[in-house]
Amino acid sequence: DAGVTQSPTHLIKTRGQQVTLRCSPKSGHDTVSWYQQALGQGPQFIFQYYEEEERQRGNFPDRFSGHQFPNYSSELNVNALLLGDSALYLCASSQTGADYGYTFGSGTRLTVV
Amino acid sequence: AQTVTQSQPEMSVQEAETVTLSCTYDTSENNYYLFWYKQPPSRQMILVIRQEAYKQQNATENRFSVNFQKAAKSFSLKISDSQLGDTAMYFCAFTNNAGNMLTFGGGTRLMVKP
């Protein structure tokens, strides 16, 4: 049973560019959440997608956007990259109505230069 | 808004001994869930243990147990018989009854020494 898969594992982008990160949820899960984890800090909630819609959003600017596809996979897009966007981006999937069994991927390490 | 605080940035313990990691939180909600996650160098967050606020009994998972003090808003993790593989970052996290987001603490780096 595959867990949460994220791609790519590492990425280097230039300031001002745009980036797309991808996440495939655990089999049987229908909800995907994205978190940003700066070096040495705890993860910060970006947003959650369910039924292809953004269900809740954290305190992140509109440069951060997402999408969920009919197969429940998800993308995180970040426009106009800033140096401060350098972080580990974690995807977590869960099953709505279940007992909050979040499963995390291994993340995408984004470096903005 | 909920906040989660971990006051111990780093801790160390000798192999086979017991260590306790502290966590406090702030919320106005009555029903919620608390978690301890482990993040090894592989970066994946792994669920260690979960506590439902309406359950008075402290959760236990093998060598891991919690001391949940609802009135004090405290949620500490006890690791018994520490093993080298327990070396990792440990994060305390909170979610409300809707379960739409996790709020994490800043983490505690635990090193188990041989």
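The values are calculated or read from the model by the stated rules, or taken from the named source; none is laboratory data. Computed from a predicted structure; not experimentally measured. Cβ placement follows ideal geometry from the backbone for every residue including glycine, while neighbour counts extend to all protein chains displayed. Each accessible area value is taken on the protein alone, full model and side chains, heavy atoms only, with ligands, DNA and RNA left out. Shrake-Rupley method; radii C 1.70, N 1.55, O 1.52, S 1.80 Å.
Of the residues making up the stretch A:24-68, just one is open to solvent by less than 60 Å² (accessible area, probe 1.4 Å), hydrophobic (A, V, I, L, M, F, W, C), over 23 Å from residue B:97 (Cα atoms) and within 13 Å of another protein chain (Cβ to nearest Cβ), namely A:38.
Against the definition (closer than 30 Å to residue A:59 by Cα and either surrounded by 13 or more Cβ atoms within 10 Å (Cβ to Cβ) or out of contact with any Pro (no Cβ under 7 Å at 6 or more places or on another chain) (or both)), how does residue B:69 come out, yes or no? Steps first, please.
Numbers: closer than 30 Å to residue A:59 by Cα: yes; either surrounded by 13 or more Cβ atoms within 10 Å (Cβ to Cβ) or out of contact with any Pro (no Cβ under 7 Å at 6 or more places or on another chain) (or both): yes.
For residue B:69, the condition - closer than 30 Å to residue A:59 by Cα and either surrounded by 13 or more Cβ atoms within 10 Å (Cβ to Cβ) or out of contact with any Pro (no Cβ under 7 Å at 6 or more places or on another chain) (or both) - is met.
Taking the conditions (1) modelled with pLDDT under 95; (2) more than 10 Å from every other protein chain (Cβ to nearest Cβ); (3) under 24 Å from residue B:31 (Cα atoms) in turn, residue A:103 satisfies each one other than (2).
Could you check, for the stretch B:12-22, whether at least one of its residues is under 14 Å from the mean Cα position of the chain (by Cα), among the aliphatic types (A, V, I, L, M) and under 19 Å from residue B:84 (Cβ atoms)?
Start the filter on the stretch B:12-22 by keeping residues that are under 14 Å from the mean Cα position of the chain (by Cα), which leaves B:19-22.
The next check asks that each one be among the aliphatic types (A, V, I, L, M); those that pass are B:19, B:21.
Now narrow it down to the ones that are under 19 Å from residue B:84 (Cβ atoms): B:19, B:21.
Within the stretch B:12-22, one or more residues are under 14 Å from the mean Cα position of the chain (by Cα), among the aliphatic types (A, V, I, L, M) and under 19 Å from residue B:84 (Cβ atoms).
Conditions tested, residue by residue: (1) on the phi < 0 side of the Ramachandran plot; (2) in contact (Cβ under 8 Å) with a residue 24 or more places away in the chain; (3) out of contact with any Gly (no Cβ under 6 Å at 6 or more places or on another chain); (4) within 11 Å of another protein chain (Cβ to nearest Cβ).
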site: B:73; (1), (2), (3), (4): no, yes, yes, no
site: B:87; (1), (2), (3), (4): yes, yes, yes, no
site: B:98; (1), (2), (3), (4): yes, no, yes, yes
site: B:106; (1), (2), (3), (4): yes, yes, no, yes
site: B:110; (1), (2), (3), (4): yes, yes, yes, no
site: B:113; (1), (2), (3), (4): yes, yes, yes, no
